[in-house]
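The values are calculated or read from the model by the stated rules, or taken from the named source; none is laboratory data. These numbers were taken from a predicted model, which means no experiment stands behind them. So basically every Cβ, Gly included, is an ideal-geometry build from the backbone, and we count neighbours across all protein chains shown. Just the protein is used for accessible areas: all its heavy atoms, side chains included, with ligands, DNA and RNA removed. Shrake-Rupley method; radii C 1.70, N 1.55, O 1.52, S 1.80 Å.
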Amino acid sequence: MSGDGVSPLEVTLETVRATASNYNIPPDVKYAYGTAGFRCKADILPPAAYRMGLLAALRAKSVKATIGVMVTASHNPPEDNGLKVVEPQGEMLLPRWEHYSTQLSNTDSASLVEVLQDFSDEAEVTLTSSRGKLVVGRDTRESGPDIVAAVTAGAENLQCKVHNIGVCTTPQLHWIVKQTNISKPNTLQDYYRTFADSFIHLYGKDDVKHSIKVDCANGVGAIALRTIAPLLSDHIDITICNDGSTGRLNENCGADFVKLMQNAPRGVNYVENEHCYTIDGDADRSLFFYSQDHKFYMLDGDKIATLFAWFLNSLMQEAELNLSLGVVQTAYANGSSTSYLYSKGIPVVCVPTGVKHLHKRAEDFDVGVYFEANGHGTVLFSDTAMEMINIRSVRETRKTQKSAVTRLLAFSKLINTAVGDAVTNILAIETILKLCKLSPASWNEMYADLPYRQLKINIRDRDIIKTTDAERKISSPEGMQEKVDALVSDFSSARCFVRPSGTENCVRVHAECATQREADTLAMSVGSMVFDFTEALYSRL
Ligand code: 16G
Ligand code: ZN
């Protein structure tokens, strides 16, 4: 109790009550913490951001560690914004806390204190505990500073220390949170130095300097690349395209645009066989593209996963390392990539869409490569793997084995293991291509993609559709999967699945067939079946 009889808890709660009145939820707004956190029009985000500041502080106190909040809406248009919470090792927020997030973000200002107290009881956290810290970062969106201010207000109301690192990429924020919790160098400068050094060490130096072009989606990736490029300039030239100086964020460029349109981004002048990359608005996704004989080729997350897995597998075999290596994909992975990996004896598992599912499953391998076809992904190395690689890199005396194990160690240091990172993945890809003397075409020819088509179907309520088997089968409404199966059976070697989007109010249909025409036809017929099926259900309600 303080001198006037008011307890520290009362003081804290009173502060929350007073601040919350500046962050009232607009009428008819419902927030939801989805696959990638919150995402909506930026002007309605501050009330949710304030509540997430409170929640992030609670989470930090409950794990007694540093956690992160990243303010970004990735590939969405510039007028949107979003935010997500990062766990101590750089992972995505735990499902139970996602649920708390949705609940707290929809709690009106008057009831906030009460709900907060309930959560703190449930999570066994003392609201006034001073343990735990928060690191906050944001991408280049204009609305970023206001959202950061709201998050900070919430966290500081609960006496949580906030470290605002300003503009950064999503993977930089994840990396900084992880490094802080393992007491390793943890500033943005450390990030650039660490990965630049790892790249230089493994990539080496040639008489001819290679050059690459990167479409930065007019986003924060341009800042990251502009900062790291001079550190690498003796080894590789990086040309930054779509740096935000003229174009709008994610407009006609960026990884999402390129994947969707299967076409080159605007604003990149490239010549035949030049190594080109496209990244998204917060730089956690990357794709490779090039042209040959005036034809455009895109190498997506599946191609990157197979390149990484093939490279690591070869090194592990050469080094005679007895460690498990596996690849984690989603239903969107091209069937050819899965067959290719199996043909190389590499196990593949399929999990539901969303980085958190892939990341978690990849931890089951000693060396777990995970990628979504859209370019999100990284490689995880277990403690056992790192221990074995480290010991062998010192003790190994045989030449071939020593060289392989040394490369493995160097590669592990070039990977952002906290989360998929467009910048470090580009450097890793360039390194593999150079060390293995692979041209874009020879990488691309590892396997031929099966043609596919993806459609977005707007139905009244996407939640009516539930899936199972890593989203490859519809479990409800009853009878719908049988209809998909019947349509698929009209084609030889075809595959099709339907899943509700986790980020938009729509249902996605994905069809893969032997020809593009068949894939288009199958996607259209499944799409219209889904629409008619759900409309018929509504009319019966
Ligand atoms: C989010 C996910 C991404 C996934 C996408 C699917 C993270 C960080 N991001 O952007 O991995 O591919 O959602 O969107 O997990 P959809 O559910 O609308 O198809
Ligand atoms: Zn992104």
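Quick rundown of the values:
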{"item": "Residue under evaluation Asn81, criteria (1) touching a Lys or Arg at 6+ places or on another chain (Cβ under 6 Å); (2) away from ligand 1 (no atom under 16 Å from the Cβ), criterion not met", "result": "(2)"}
{"item": "Yes/no for Ala470 being under 20 Å from Ala333 (Cα atoms), away from ligand 1 (no atom under 15 Å from the Cβ), in contact (Cβ under 8 Å) with a residue 24 or more places away in the chain and of a type in the set (A, V, I, L, M)", "result": "no"}
{"item": "Residues of segment 145-163 satisfying the condition of being surrounded by fewer than 20 Cβ atoms within 10 Å (Cβ to Cβ) and among the hydrophobic types (A, V, I, L, M, F, W, C)", "result": "Ala149"}
{"item": "Pick from segment 280-296, criterion under 19 Å from His376 (Cα atoms) and more than 11 Å from the chain's Cα centre (by Cα), ranking: nearest to ligand 1 (Cβ to nearest atom)", "result": "Gly281"}
{"item": "So Asp383, is it closer than 30 Å to Ile182 by Cβ, buried (at least 20 other Cβ atoms within 10 Å of the Cβ) and of a type outside the set (Phe, Trp, Tyr)", "result": "no"}
{"item": "When residues of segment 164-178 are limited to those that are away from ligand 2 (no atom under 16 Å from the Cβ) and in contact (Cβ under 8 Å) with a residue 40 or more places away in the chain, the one surrounded by the fewest Cβ atoms within 10 Å (Cβ to Cβ)", "result": "Lys178"}
{"item": "Among (1) of a type outside the set (Val, Ile, Thr); (2) crowded, with 19+ Cβ neighbours inside 10 Å; (3) touching a Phe, Trp or Tyr at 6+ places or on another chain (Cβ under 6 Å), the one test that His357 misses", "result": "(3)"}
{"item": "Cβ pairs under 8 Å, 6+ apart, first in segment 375-404 and within 14 Å of Leu315 (Cβ to Cβ), second part of a strand (DSSP E or B) and of a type outside the set (Gly, Ala, Ser)", "result": "Val379/Val367; Val379/Val369; Val379/Tyr370; Phe381/Val367; Ala385/Val367; Ile389/Phe381"}
{"item": "Residue within segment 184-194 that is among the acidic types (Asp, Glu), surrounded by fewer than 15 Cβ atoms within 10 Å (Cβ to Cβ) and without any contact (Cβ under 8 Å) to a residue 24 or more places away in the chain present", "result": "yes"}
{"item": "Which listed residue is in a helix (DSSP H, G or I) and at pLDDT below 95, from Arg96, Arg51, Arg59", "result": "Arg96"}
{"item": "Residue count, segment 84-93 (criterion: within 14 Å of ligand 1 (Cβ to nearest atom) and outside any strand (DSSP E or B))", "result": "4"}
{"item": "Sole exception among (1) open to solvent by less than 10 Å² (accessible area, probe 1.4 Å); (2) within 16 Å of ligand 1 (Cβ to nearest atom) for Arg39, by number", "result": "(1)"}
{"item": "Which listed residue is more than 25 Å from the chain's Cα centre (by Cα) and away from ligand 2 (no atom under 16 Å from the Cβ), from Leu315, Leu325, Leu299", "result": "Leu315"}
{"item": "Test for Glu142: is it assigned to a loop (DSSP other than H, G, I, E, B), within 30 Å of Asn242 (Cα to Cα) and either away from ligand 2 (no atom under 16 Å from the Cβ) or touching a Cys at 6+ places or on another chain (Cβ under 6 Å) (or both)", "result": "yes"}
{"item": "Unique match (being acidic (Asp, Glu), within 25 Å of the chain's Cα centre (by Cα), more than 26 Å from Lys344 (Cβ to Cβ) and surrounded by fewer than 19 Cβ atoms within 10 Å (Cβ to Cβ)) among Asp463, Asp449", "result": "Asp463"}
{"item": "Residues located in segment 115-130, provided they are among the acidic types (Asp, Glu) and open to solvent by 90 Å² or more (accessible area, probe 1.4 Å)", "result": "Asp121, Glu122, Glu124"}
{"item": "Filtered residues of segment 503-533 (kept if without any contact (Cβ under 8 Å) to a residue 60 or more places away in the chain, part of a loop (DSSP other than H, G, I, E, B) and open to solvent by 20 Å² or more (accessible area, probe 1.4 Å))", "result": "Glu504, Asn505"}
{"item": "Flag for Gln103 being away from ligand 2 (no atom under 16 Å from the Cβ), within 20 Å of the chain's Cα centre (by Cα) and either among the aromatic types (Phe, Trp, Tyr) or surrounded by fewer than 21 Cβ atoms within 10 Å (Cβ to Cβ) (or both)", "result": "no"}
{"item": "Hey, Leu341 in contact (Cβ under 8 Å) with a residue 24 or more places away in the chain, open to solvent by 20 Å² or more (accessible area, probe 1.4 Å) and of a type outside the set (Lys, Arg) or not", "result": "no"}
{"item": "Selected residue [outside the structural domain of Phe38 (by TED's automatic domain parsing), at pLDDT below 95 and not charged (D, E, K, R)] from Thr534, Thr503", "result": "Thr503"}
{"item": "Residues that are open to solvent by 80 Å² or more (accessible area, probe 1.4 Å) and not hydroxyl-bearing (Ser, Thr, Tyr), drawn from segment 467-495", "result": "Arg472, Lys473, Glu478, Glu482, Lys483, Asp490"}
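So that you can scan it fast, the table gives a plain yes or no per residue for (1) touching a Cys at 6+ places or on another chain (Cβ under 8 Å); (2) farther than 16 Å from Met70 by Cβ; (3) assigned to a loop (DSSP other than H, G, I, E, B); (4) more than 16 Å from ligand 2 (Cβ to nearest atom):
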site	(1), (2), (3), (4)
Val115	no, yes, no, yes
Ser120	no, yes, no, yes
Gly137	yes, no, no, no
Ser183	no, yes, yes, yes
Tyr191	no, no, no, yes
Phe195	no, yes, no, yes
